[in-house]
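Take a look at the structure below.
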């Protein structure tokens, strides 16, 4: 689902930049650092957790800390008449940590985690058994070169 974009004002951008630098920063520290009232910062943070700016869950757990040493990208071609069935089945596979619809050669791109190569094989077979999945391809993530980031997008947008 694509959400309508919205333009964030300089105060919201500053609060987001502070949280991006230190996700555990207190409201008081952010308020003092930015020269804002605590109530303003608290209100902005509440507004930003609306599901359109900040994800509803604020903690990102590293899969490695849970014993998932392997990360892979699984692409899938889906029979479009069974797309909803495929998505229901894929949601039941806990090792799929993200799935997005794509244009081009494949319909889905799923990020999966696994404990080892045998576990990755099992997960791949489980994906293939989902109704509507025609074929898959799996690529191992060898090294994260640029981690998920958005801080570089937060500087004030030019007036236009």
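None of the figures in this text is laboratory data; all of them are computed from the coordinates on show. Remember, predicted model here, so these are calculated numbers, not experimental data. For neighbour counting, all protein chains shown are included, and Cβ atoms are generated from backbone atoms with ideal geometry for every residue, glycine included.
At 37 °C and 0.692 mPa s, grab the translational diffusion coefficient of the stretch 63-140 from Stokes-Einstein with a Kirkwood Rh over Cα pairs, rounded to a whole number in µm² per second.
Details: Rh = 12.4 Å.
It comes out at roughly 265 µm²/s.
Put a dot 7 Å past each Cα toward the Cβ at residue 128 and residue 145; how far apart are the dots in nm?
My value for the distance between the label points is 2.9 nm.
Expected output is a single nm value to one decimal: the length gained when fully extending between residue 9 and residue 137, i.e. 0.36 nm times separation in residues minus the C-alpha distance. What is it?
Length difference between fully extended and current span is 41.9 nm.
Quick one: helix 10-21 against the long Cα principal axis of the chain, what's the angle to the nearest 10°, folded into 0 to 90?
Tilt relative to the chain: about 60 degrees.
How much of the calculated P(r) for the stretch 116-155 lies past 12 Å, in percent of all Cα pairs?
The answer is 72 percent, as a whole percent.
Would you mind checking the tilt of helix 117-128 against the longest principal axis of the Cα atoms of the chain, expressed as 0 to 90 degrees and rounded to 10?
80 degrees
Given the convex hull over the Cα atoms of the stretch 10-59, what projected area results after averaging over all orientations, in nm²?
3.1 nm²
Let me have the relative contact order for the chain, percent, based on Cα pairs under 8 Å that are six or more residues apart.
27 percent
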